[in-house]
1. Under a point-charge model restricted to the Cβ atoms of Lys and Arg (+1) and Asp and Glu (-1), what is the dipole moment magnitude of the chain relative to its Cα centre, in debye to the nearest 20?
2. According to a simple spin-label model (label point 7 Å from Cα along Cα-to-Cβ), what is the distance in nm between TRP132 and GLU189?
3. Can you pull the semi-axes for region 352-405, root of five times each eigenvalue of the Cα gyration tensor, sorted largest first, whole Å?
4. Once neighbouring chains are kept in place and the probe is 1.4 Å, which whole percent of the accessible area of the chain is contributed by carbon and sulfur?
5. Using +1 on the beta carbon of Lys and Arg, -1 on that of Asp and Glu, and nothing else charged, what's the dipole of region 180-314 about the Cα centre, debye to 20?
6. List the lysines whose Cα sits under 27 Å from the Cα of LYS118, skipping any in the same chain fewer than 8 residues away.
7. Sort HIS230, HIS30, HIS121, HIS89 by accessible area with a 1.4 Å probe, largest first.
8. Estimate the FRET efficiency between SER398 and GLU115 by the formula 1/(1 + (r/R0)^6), using the beta-carbon distance for r and 60 Å for R0, to the nearest 0.05.
Amino acid sequence: MPIAHWINGQSATGGTRSQPVYDPATGLSHQEVLLADRATVESAIDAAEQAYPAWRDTPPLKRARVMMRLKTLLEQHADAICRLITAEHGKVLSDAMGELQRGIENIEYASYAPELLKGEHSKDAGPGIDSWSEFQPLGVVAGITPFNFPAMVPLWMWPMAVVCGNTFVLKPSERVPSSTLYIAQLASEAGLPPGVLNLVNGDREAVDTLLHDPRVKAVSFVGSTPVAEHIYHTGCGQNKRVQALGGAKNHAVVLPDADIAGSVSALMGAAFGSCGQRCMAIPLVVAVGDGTADALVAGLQRQMAAMRVGAGNDNRNDMGPLVTQQHYEKVKGYIDQGVEEGATLVVDGRELAVRDDSGQISQGYFLGPTLFDHVRPGMRIYQEEIFGPVLGVVRVGSLKEAMAMIDAHEYGNGTCLFTRDGEAARFFSSHIQVGMVGINVALPVPVAYHSFGGWKRSLFGDLHAYGPDAVRFYTKRKTITQRWPSSHDAQHATFSFPSGQG
Ligand code: NAD
């Protein structure tokens, strides 16, 4: 049976096309996923539309209680969910657990719905007049998510959307469908009424249907920049509210006064965790001064030699495979490109051979951690998002030079600075043209009660994902001004604009 959809609280087939889902650690496929056609997506939108009036009128506290029950279920089923993530994405199990935990934190935040939706109230805005703002849901909203966080990124979106009173159609990545579907089924078990969360597996046809159906009022997207840009412009052209988070190329700057050993350890996890397939990964280290660069390269080389690469479900491994054969070829191509462009290849991941349990060379999509030195702006390996275990060291003479380089880059998702100098750190965090900044923190992913988003070509739209911005994104403000005159108040016409004067 192919992996199906989840519509109106039950499993649903639909669409005549399907595609294989691979285990990246073996290169084998044991399953197919259905690709929804237009009619299937429309049936999911129908279900969401029908569920909307009753769900909109359900008190926020009751909506929040579903989230509280879901949190418990996610914790109880964490092992099964993480095994599905690893089997389709390839990341090591401990990393899958980390992603799920960050997703659960979004559920915890969503369970504060009554507090988040309280609105704003002004008694006596005028004589006998009260005024308040309330935040009303939009209706049916949609989410489209990438392959690299099959549990966490959907949980950035739909829990906040539904606690705000909307109903949802989710289109996860067709490359890693199973854990996302499993969580949608748990949401039904937690008490989410049929039709409030619907999931359609699919590709461009499904996305286009969501973008063009006038019943879908808002679209949240996370994925690569070219697709984000397309989604943003098409969705806005269809009068939808759109937030589209795109790709990244994050720089870590290391000053000469930094704790070099600590910086190296932090950079190892940030560059090679999840095989470099994170939008907050660090693929570029900007070393200020040749001494800093030499020390970093030596430290990185030492730690890279000790890294274990292999199947994600073996707890001894630090790094798993890339997600697909096609992506493996792309990342390997960038290493070839870096050599051609004249960067110094210090550690070559192309030489890695992983053996399976029977001692044979694995057919999985394994690429070893790779280190380039003397990377320069203008090289494709500097400019473009590689999304693999490839780290480049760029050498500069000053913090000012490092910051100018970061500001000139088209992406502005995350960045970080390693230093012991508070003044430099404060200047960097205040002035750098990037949306998420770490000081001695390599992966500054905001906690669930802040919001996540980059600048420049890493985000299209005004509001960031999850946290307080999600309340604004998934609701529209209504402001009500109310007067109950007492029976002895004189009622006479006034022709001047109402003001607080007098
Ligand atoms: P992708 O853009 O290929 O796919 C993302 C989603 O869009 C998938 O659901 C896919 O089915 C759909 N899609 C793909 N091509 C489409 C098209 N032409 N028209 C309509 N829909 C289409 O991205 P990916 O490879 O799954 O994920 C990796 C990318 O996501 C990287 O660029 C990474 O930086 C980015 N990402 C960004 C963030 C962030 O928060 N900024 C977070 C995670 C991943």
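1. In debye, rounded to 20, the chain gives about 960.
2. Once both label points are built, they end up 3.8 nm from each other.
3. 35, 11, 7
4. Of the solvent-accessible surface of the chain, carbon and sulfur hold 51 percent.
5. Computed charge dipole of region 180-314: roughly 320 debye.
6. Within the straight-line cut-off, LYS118 pairs with LYS62, LYS71, LYS217, LYS240, LYS476, LYS478.
7. HIS30, HIS121, HIS230, HIS89
8. Plugging the Cβ-Cβ distance into 1/(1 + (r/R0)^6) gives 0.85.
The values are calculated or read from the model by the stated rules, or taken from the named source; none is laboratory data. Quick caveat: nothing in here was measured; it's all calculated off a predicted structure. Quick reminder, even Gly has a Cβ in these numbers, built from the backbone with ideal geometry, and neighbours come from all protein chains shown. What goes into the accessible areas is simple: the full protein's heavy atoms, side chains included, and nothing from ligands, DNA or RNA. Shrake-Rupley method; radii C 1.70, N 1.55, O 1.52, S 1.80 Å.
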